[in-house]
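Here is the structure we will look at, set down as structure tokens.
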Amino acid sequence: MRSTSAATVLAVLFGSVALTAVSAGPASAVTTTVGSPAGIVVDDTLKRVFVGDDTNDRIVAFDYNGNRVDSVSGIDGIFDVALSDDGSTLYAAARVSHEIVALDAATLDVKARYPVAAGVGPLHVEFSGGRVWFTYGESGDRTTSGLGSVDPAVDPAVDPAVDPAGGSDPVTLGQLPLENHGVSTPAYLDTDPSEPGLLAVGATDFYDTTKDLMAVVDVSGAAPRLVASHGGGYSLNHVNDIDLVPGTSQVLVDGTDRHAYADGTFTRAGAYPAGQRADIAPNGLVAQVGDHQVAVYAPGAAKPIRTYAADTADLAWAPDSSRIFALVSSAGGYTFKALTDPARSVPTLSVNAPATATRAKQLTVTGRITATVPFSTGTELTVTRTDLESPSGKTLPSVTVQADGSYSFGDTPPAGGKVTYRVAYAGDAGHLPAAAADSVDVSRASTALRLNNNGKLYNYGAAVKFTAHLGATYKNRSVSIYADPFGSDKGKKLIKTGKVDSDGDIGAWVDMTRDTTVTAVFSGDSRYKPRTVTSTAYARVKISTAVSRHYRTARIGSTSYYWFHKNTDPLLTTTMSYYPGRKQRFDLQVYYQGSWHSADSQYFPLGTNGKSAVQLGAPGESGIRARMRSVYVNGSSGDSVNSTTYGSWKYLYFSN
């Protein structure tokens, strides 16, 4: 069984391509793009799906998982495909070369070719009653459209003198047992395994849609016999597709309108929501092609069991009704897809938990599960709670769904923090599994967390112990301590993690070479929320200054001076903790009339070795007293990773 759109039919009625040889292609389990679909048929014995590709003049064989396993090319103007009743022979209608091509279904080797003397065709093809049935004709010409057949039992090569059954033409035209049907477009065909020997025929007139054709023909005997035909008692809404409905005396037109036949005529028997074409499974499920979707209906149902978002050109059921094989629009053509679980509705499941809740107090979770197929009474959903106490999930009592699909349950969360309730439906013969979840923020108590040494200033390199104190908690007694020295070249680093002692304390040592932010982190537990505190301590730089070129040291009063001759330039070399771009501030003061007076302050860069040498010019006079110091100024010395630090004064005296 298959369907082919009217647009495809009309597009190919006027084409002509030269005949080429049919040859078997290499097997390949890869995704294949079909240019223009030209029929689809399923062989359940071989577990293969055969697809005609008109663009590439070939037949492609796929397995049930959608992988290409074989192909054959050179079938000029392929329009449709059909299988023999035993699945051993594949028949292809080649409209350009005007022949029915018979192929071995297992190997795709050509077994026979049957020329068809038709202006256009053969087109649609089916196998029933031991023969291959096909339609043909000139589009727009009511005198040439008709029904033909191929009898594979007739071998035209056999001499009738040897075998009276041989020597005749296996192809017979003009077999539609309906006089003056007046339809100008070649008809669609359909068969059904549950009704062997029956053939559904349907067509839309090219000029006058009031003359649409709909008929059921018995082809089991020597000559086709008309079972029923549309006599015009009511109007048909075009006939662009026709299917026999298994287990009933009905046909389905365009995947929408059902028509019952009895006593040689048709009557309306209901309809599905608007579709374009369809294929019907042996169990009666209808796979309907609509706008950008495939909808699956139970027999006579008004709502689909489920839908697939797929812009589909053609489709066919697996003989066991387990899946639908579809040609879905993709880049450059169509891709073969297997649509699974067509008889199972897709439930919609919601879970609604409160946004916040109090720990150890009951809360209520509500929700709803709905589907196109009703649920049985007493349907149960499983419930799992995930929290800090049960990170892998704890199973709660199942909840029963009410008649309207709603449900609710109460729970008393033992743990605070993020608590997630996951509700799941296991699925059944009519429904796929479904699951959904929602989370609630459950309150937790606060605990105390303190960290010492905030704001303290230390000398460069001092080893400082930072102690964190943790208050009451439930189970978690661990604290992590991090140190983050100032400066972009160093990041935050974990220096200690562990349980606090019996007093609630934990300590970690920090080597204070820079201003440093120390952080203590309690990650929380199921009853107490996380807590983080910081302490920022400060570190001076290390400064020393060496004086050279003096000739002695001696005290003036209680102060020790470096003595220089009045014409000697003192060399003052400062060593300071290095940091890229750092400078030292050189302060100079002169003693005059009993007090020190600032003479100059100037910044000098440090070398990568942390040294800065400054040569102080000789005064040329004796009796002068001066002093100097080196200073690191936070923010002004080129960086801000240490605290402002003053070096010690160095005292200079100039003599004769």
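What relative contact order, as a whole-number percentage, does region 348-442 give when Cα pairs under 8 Å and 6 or more residues apart are counted?
36 percent
Given an 8 Å cut-off on Cα distances and at least 6 residues of separation, report the relative contact order of region 402-490 as a percent.
20 percent
Collect residues whose amide H, placed 1.01 Å from N in the peptide plane, falls under 5 Å from the amide H of R359; neighbours closer than 5 in sequence don't count.
S443
Pop out the ³J(HN,Hα) list for region 45-56 in order, Karplus 6.51 cos²θ - 1.76 cosθ + 1.60 with θ = phi - 60°, rounded to Hz; leave Gly and Pro as x.
Per-residue couplings from phi come out as 5, 8, 6, 10, 10, 9, 10, x, 10, 5, 4, 10 Hz.
For region 391-502, compute Rh as the Kirkwood radius over C-alpha pairs and then the Stokes-Einstein diffusion coefficient at 20 °C and 1.002 mPa s; write the answer in µm²/s, rounded to an integer.
The calculation lands on 108 µm²/s.
Where the convex hull is taken over the Cα atoms of region 449-539, what is its projected area averaged over directions, in nm²?
Average of the hull's projected areas for region 449-539 equals 5.6 nm².
Check R527: other-chain or 5+ apart residues with amide H under 5 Å from its amide H, H built from backbone geometry?
Residues meeting the amide H criterion: G416, Y474, K475.
Once all Cα-Cα distances of the chain are split into 10 Å bins that start at 0, what whole-number percent is in each one?
3, 12, 15, 12, 8, 7, 8, 8, 8, 7, 6, 4, 2, 1, 0, 0
Select from Y308, G121, L46 the residue farthest towards the positive end of the dipole of the chain; place +1 on Cβ of Lys and Arg, -1 on Cβ of Asp and Glu, and compute about the Cα centre.
Y308
Return the long-range amide H neighbours of G270 (sequence gap of 5 or more, or a different chain), with a cut-off of under 5 Å between placed amide H atoms.
Residues meeting the amide H criterion: R258.
For K493, give me every one of the aspartates and glutamates with a C-alpha distance below 15 angstrom, ignoring sequence neighbours fewer than eight places off in its own chain.
Output for K493: D484, D511, D515.
With a cut-off of 8 Å between alpha carbons and a minimum separation of six or more residues, what is the relative contact order of the chain in percent?
Computed over the chain, the figure is 7 percent.
Please state, to two decimals, what the Cα-based radius of gyration of region 538-656 comes to when divided by 2.2 N^0.38 Å (N = residues).
With N residues counted in region 538-656, Rg over 2.2 N^0.38 Å equals 1.09.
Can you run phi through the Karplus equation (6.51, -1.76, 1.60; θ = phi - 60°) for region 579-589 and list ³J(HN,Hα) in whole Hz, with x for Gly and Pro?
For region 579-589, the Karplus-derived couplings read 8, x, x, 6, 10, 9, 9, 9, 9, 10, 10 Hz, x marking Gly and Pro.
I need the fraction of alpha carbon pairs in region 348-442 separated by more than 15 Å, rounded to a whole percent.
When every Cα pair of region 348-442 is considered, 57 percent fall beyond 15 Å.
All of the numbers you see were taken from the coordinates with simple rules; none came from a lab. As the structure is a prediction and not an experimental result, all values here were calculated from the model. Note: ideal-geometry Cβ built from the backbone for every residue, glycine included; neighbour counts use all protein chains shown.
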